Amino acid sequence: METELSLKKNLYMARTSVTTESNKTGSWRFLRPKYEEKTSPCSTACPAGEDIARIEMLITQGAFKEAWETILRENPLPGVCGRVCYHPCEGRCNRREFDTSIAVHTMERFLADTAARNETKPALERLPPKGKRVAIIGSGPAGLSAAWFLNMLGYDSEIFEAMPEAGGLLRWGIPAYRLPATVLSNEVARLESQGVRIRVGEAVTASRFEELKTSYDAVFLGCGYWRNRALNIPGEPGQGVEDGMSFLRQLRQGAKPDVTGVSAVIGGGNTAIDVARSIIRLGGRAVIIYRRRREDMPAFDEEIESALEEGAELRELLAPVQIAAIGSDCILTVQQMKVEGLDRDGRGKIVTAGTSLVEISVQRVFVATGTTAVEAWHEPPPAAEAGDQHNASVHLYLSHCTLQQEQQGTPIIYGGDLTNTDKNVTQAIASGKQAAMALDTLFQSGADAVRERLSACLVGEGPSLSMEIYMNGPRKERKPHIVSYQEINTDYFQFEPRVIQPRLLIEERTSSFDEIELKISANTAMREAGRCFNCGICNNCDNCYLFCPDVCILRGRDMTERHIDYDYCKGCGLCVVECPRNAMTLGEEEKL
Amino acid sequence: MQLDALDKELMCSGHVGCPGCGATIAMRFVLKALGEKTVMVLPACCWSVIAGPFPQSSLKIPVIHTAFETGGATASGVRAALDMKGDKETTVITWAGDGGTFDIGFQALSGAVERNEDFIYACYDNEAYMNTGIQRSSSTPYGAWTTTTTGADWKKLRKKNIVEALVAHRIPYAATANIAFPEDLIRKVKKAKAIKGSKFLHIYASCPTGWRIPSEMSIKIARMAVQTNIFPLYEVENGVNYTINYKPREYLVREYFKLQGRFRHLKDTDLDQIQEMVNEDWALLLRKAGEHA
Amino acid sequence: MKKVLEGSHAVAEAVRLARVQVISAYPITPQTHIVEILSDYVTTGKMVAKYLRVESEHSCMAALIGAQSSGVRTFTATSSQGLALMHELLHWASGARLPIVMAEVNRALAPGWNIWNDQTDSLAQRDTGWMQFYCEDGQEVLDTTIQAYRLAEIVNLPAMVVLDAFYLSHTYEPVDVPEQDEVDRFLPPYKPAFILDTKHPYSLSPLVTPNAYMEMRYDIAMAMDDALEQFDRVEEEFAKIFDRRYGAVEAIDCDDADIVIVTSGTVTSTGRLLLEELRPRGEKVGVLKIKLFRPFPVEAVRRALGKAKKVVVVDRNFSFGASGIFAQEVRAAICNVPGHPPIFGYIAGLGGRDITVKLLEEIYFDVKGSSAPRKESIWVGLQEVNRAT
């Protein structure tokens, strides 16, 4: 009875037993979101094409080694560039439109210093040896860069350096307060430990150059411009008139020349500024004489600003006419100039203002109005009207170097200051990289393939090139589309002040050649890198995952791999709009 | 954004919510905050459909579907039964739309809160009867078109201030939350879970279908509701202590209105008037929170 | 133990003995005595239960739906307007297959306001899927309430124990209140067929599309059919312990009766007095008490009325535009029986007006003198009214 009464039939009632997962709601979709990384504007502005958005992301995560290696894939000298690069990246930073740009160069230096302090060894991809040897003339940034990237691509190379130590302009042309010798030595040592060979004290003469052509499979010329460009005015050369480059080199060699009194520095480039600031550090006074205006000066603006802070005087619109030695002093006669209309480049056209001359009495005059090649054979062949040549002889005029191969002979490639329009360290590094890529393509696929192969490795629209792309690394998947500020979802960012890099006090600066800019802490670096929008790349912020109304963003075990489950994705597009950094794209669904 | 919440999903794919549905996002966050030891009371609303037709469920917690106006009452019964069984661990949450909360379910809600039943009442507010086809509710904001406030008869009455109505009950905890602010939302759900007695969460959940907005704008608009002070984020403890959780940059309300089809008919003068109303409400809230503008 | 109790009190005792765990109630005259006593039981610890003092009958039933779905035994009591307000959720409770038990005190519906006895409130809920038991006295109310839990939990349908306002709810009678252990033997602890369970999560009462709804309704229909059989078994087992049984119907002196008067609720007791009055005078009259209204005991009714020449149904209720509701049900039950007797429908006692022995006697002789029903429903005891005012 009991059991009979308790007997319960299986009720057929409104009660669930399965999930909704058998409903493939992906069939509703007519728009298709996908993960599609794009190019950050900073990385296209960087001549070395550094993957800055990713570097900042890695710093934020505390992955300093990986961040540093990410630089090394595109630039062998982060310790140098973190100090002396003019960081055009910051000028293109999307964050500028929000508050202020990311201190990219400070981050780069932080990574290099951290790696140096910890004696970190990079673990980078390298292609198997190709059995070819390249001779490199000059161990400046272009030569070092060419050697580094050729090494990555599987080539043996040897750098021939005339001076007793490697570094070229980095060692002899940039004062220590901007680039301490130990920083450079550290970087060179690292390159050597990775397989770059440097033969110091071996100057390459014209005849030696011919020898190299026969004993190596290619020659890279990166020996730079070292000959001071003369003013060609009366009194030059003469007593009290010195060459700016030589002066800087003497300082780096340990000399402490007497510069008491007032020195005139003629020129508007970085060398003129370096000379003026060095004079001040040696106890002298410096007056920079420039025939144009401050805004026309080719020197980096921050350098000019620092020079003025330190007490250098700038006199604009004065063109030297004559130098006369009177006793131990010099009388520098200058012509007053004025701006009248525009010249061909669109800059203000400078013309003489009247006939009156001004005499400036100084103790000495430094000429720093630019440099030129030391030997005529250093110069690349002049560009023909017809452009590239691909017949029996090859002449390729690339953005950063020139490739020449006469009648199936040894390929010669000119780079660095010899070919760059903008003559600076980072452009030199860019030319070394381009030379390595061009030579490799030449050897692998012939001259005809070079331009196309290189254009496939552009960062965004170029002209910067990426070795990671060349070597088919993950960056190859990046779309060339350059992320604009309007494409950033700024709701996910707060106003935060940019890091202020600590510097020596002016008094400390002007009394020594100590490095001006001081270190920052890891915390500061992480905070600053955290300001980065990481334009176009996924930093695992998880917005796509969090806001998906259909739970169809799937994550890998380590929470970094993400993909969309198109079985369920209805194509609402929220993930794409809520991606703060445009690392996703919403496109039309393919028609069935 | 990393949330302090369960990684496991208690809501399944394959549900039939509209693309970009804010109510499903809200559900996902709330369940992540509450975890598996949860019983849900689900009066009639969009979610009655989204939860899946028999024999399917899109939720991996026990759910009792119930009549439209019974959210507060059914939950009271579930809680009473759990208490009788000695189960103090399981959270009871009512998950209701604005119609089921502001209108038809208001009595049962008021009753449950007056009795201080130990449960969470979460209202996901999409500002109209969406499941039945966009009819106006007392939560529909001033200015809105719905299928029952069409043409020149767009709604010219204010949205009911439901949180203040609950605060008047001296409810232990009442808070607003918004799908565009998941961290805040999850914090509030967890806080509510830890408090004994009645808790009310007013969750802004955008509705692309009913608001005539593109589905991908769902979160953006939700965020703007907070940024414009139209839907301030705040919480009230014991009916007395107000905390404003987010001080917006005070965007103009017209930015919010112009993105939505349901407000397309409004003229500049209407928007000016709405701006004044929003300013007035915000000033009142600041006063209650003892803060200055 | 015999006690002198109000009908309301008898209900409360039964609820206590059934170890109900959640009670929810909203006051309405004449149900209040039931819920007041229960409130006191819970407060004083005579009962271990949660008592939800809800803000409406609607919420009351909603709360019980929630509680019962969570796996506990529940109870409420209501009446008239309160029952009408619950209507939506009465459907819900049966559709959700919840064995909720409710005491329903028959009271007239407004307007005009009337708190007195009338069955239209509960009969208007006949299609909600609830079982309905119409009780005659305090003992039956107590016993039926306990039995209702047993039966409801077997068939997974809710049950309504119906008692007449005042005539039963407020009338003191001697009632044998059983001992707890005896009741425990009869009514085991509630073992729900399904439950809201975080360990085995599923949803109850979700959206159901046309391809499944009809089968679910059919399942309820079968459960109601089953309830008819299970009712007898439950009564049998109850009788073994308590030696009392009532039957789905009770045929009193029907075997040789030419005229059978069909009654329900306390009117049956008046009918018993009528028999005492008429039988000695040689009138071949019987009374058929219908206790079980849902499920309707068709076979039992047919058997009881099989020999009668005329059947009278006294309804204290009315379905406007049709007839008395018990009369409709009886007609429907026997209409397919060849040569079935004519049904004489009488409407009496609406809104608490007394149905006296004398009134029943008048009805009896009216029927005896008629060869066929003059009309479907004859309203008795109507007074002249002045429509001009």
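Where a number appears in this text, it was derived from the coordinates with a stated rule and is not lab data. The structure displayed is predicted, hence computed values, not measured ones. Quick reminder, even Gly has a Cβ in these numbers, built from the backbone with ideal geometry, and neighbours come from all protein chains shown.
Tabulated data for the structure shown
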read-out	value
Theoretical ellipticity at 222 nm over chain A - DSSP helices of four or more residues, -39500 (n - 2.57) apiece, nearest 500	-8000 deg cm²/dmol
Computed FRET value (nearest 0.05) for C:LYS199 with A:GLU589, which takes r as the C-beta separation and R₀ as 35 Å	0.30
Over the stretch C:88-154: Rg over Rh, Cα atoms, Kirkwood Rh	1.00
Likely footprinting exposure, A:ILE429, C:ILE154, fewest C-beta neighbours within 10 Å first	C:ILE154, A:ILE429
Inter-site label distance for B:ALA152 and A:LYS130 at 7 Å from Cα along Cβ, in nm	8.0
Residues with amide H under 5 Å from that of A:ARG503, placed H, sequence gap 5 or more	A:LEU518
Candidates per GluC sites (Glu not before Pro) in the stretch C:122-214, loop by DSSP, up to 13 other Cβ within 10 Å	C:GLU179
Above-threshold pairs, the threshold being 23 Å between Cα atoms, out of C:LYS50/C:LYS291; C:LYS289/C:LYS309; B:LYS37/C:LYS46; A:LYS570/B:LYS247	C:LYS50/C:LYS291; B:LYS37/C:LYS46; A:LYS570/B:LYS247
Ranked packing of A:348-361, B:169-182, most packed first, by mean Cβ within 10 Å	B:169-182, A:348-361
Derived scalar couplings ³J(HN,Hα) [the stretch A:537-551; Karplus, 6.51 cos²θ - 1.76 cosθ + 1.60; whole Hz; x for Gly, Pro]	10, 7, 10, 6, 5, 6, 4, 4, 5, 5, 8, 5, x, 10, 6
Residues whose placed amide H lies under 5 Å from that of A:LEU357, excluding near-sequence neighbours	none
Efficiency of FRET between A:GLU302 and C:THR43 - r from beta-carbon atoms, R0 60 angstrom, step 0.05	0.15
Volume in Å³ per residue [convex hull over Cα atoms, computed for the stretch A:412-549]	205
Contact order relative to length of the stretch C:94-194, as percent, for alpha carbon pairs under 8 angstrom and 6 or more apart	35
Net charge of neighbours whose Cβ lies under 14 Å from the Cβ of A:PHE247, counting Lys and Arg as +1 and Asp and Glu as -1	+2
Set of aspartates and glutamates with alpha-carbon distance to C:LYS375 below 13 Å, sequence-local pairs under 8 removed	C:ASP366
Those lysines that a straight Cα-Cα span of less than 20 Å connects to A:LYS38, excepting residues fewer than 8 apart in one chain	A:LYS476, A:LYS479
Violating pairs (Cα-Cα greater than 21 angstrom) within the set B:LYS8/B:LYS88; B:LYS188/B:LYS258; B:LYS60/B:LYS190; B:LYS88/B:LYS191	B:LYS8/B:LYS88; B:LYS188/B:LYS258
Calculated FRET efficiency for the pair C:ARG279/B:LYS37, C-beta based, R₀ 60 Å, to 0.05	0.35
Dipole magnitude (debye, nearest 20) for the stretch B:22-288, charges at Cβ of Lys, Arg, Asp, Glu	400
Kirkwood-type radius of the stretch B:163-293, with distances r between different C-alpha atoms, in Å	15.6
Least to most buried among C:ASP366, B:ASP268, C:ASP225 (fewest other Cβ within 10 Å first)	B:ASP268, C:ASP225, C:ASP366
Rounded to whole Hz, the Karplus (6.51, -1.76, 1.60) HN-Hα couplings of the stretch C:343-356, x for glycine and proline	9, 9, x, 10, 10, 8, x, 5, x, x, 5, 5, 9, 9
Nearest 10 degrees, 0 to 90: helix C:138-155 Cα axis against chain C principal axis	60
Simple label model, 7 Å out from Cα along Cβ direction - A:ARG557 to A:SER512, nm	5.3
Neighbour-count order for A:LYS433, B:LYS193, A:LYS570, fewest beta carbons within 10 angstrom listed first	B:LYS193, A:LYS570, A:LYS433
Relative contact order computed over the stretch A:231-370 (Cα-Cα under 8 Å; 6+ residues apart), in percent	31
Per-residue mean of C-beta atoms belonging to partner chains within 10 Å, peptide C:181-193	1
Gained length - A:ARG229 relative to A:ALA255, 0.36 nm times residue gap less alpha-carbon distance	7.1 nm
Vicinal HN-Hα couplings computed from phi for the stretch B:226-232 (Karplus, 6.51 cos²θ - 1.76 cosθ + 1.60; Hz; Gly/Pro x)	7, 4, 8, 6, 5, 10, x
Relative contact order computed over the stretch C:251-379 (Cα-Cα under 8 Å; 6+ residues apart), in percent	27
For the stretch A:285-324, average projected area of the Cα convex hull in nm²	3.2
Amide H contacts of B:PHE200 (H built 1.01 Å from N, under 5 Å, at least 5 apart or other chain)	B:TYR121, B:TYR173, B:ALA174, B:ALA175
For chain A, convex hull volume per residue from C-alpha positions, Å³	224
Two-decimal ratio, the stretch A:426-481, of alpha-carbon radius of gyration to 2.2 N^0.38 Å	1.07
Qualifying chymotrypsin sites (Phe, Trp or Tyr not before Pro) for the stretch C:294-379 [loop in DSSP, other Cβ within 10 Å: at most 11]	C:PHE320
Near-label residues of the stretch A:312-328 by backbone N, under 19 Å of a point 7 Å along Cα→Cβ of A:LYS349	A:317-319
Gyration tensor verdict on the stretch A:231-370 (Cα atoms; rounded if a/c is under 1.5, prolate if a/b is larger than b/c, oblate otherwise)	oblate
For the protein assembly as shown, average projected area of the Cα convex hull in nm²	68.3
Highest average packing first - A:101-111, A:500-510, Cβ atoms within 10 Å	A:101-111, A:500-510
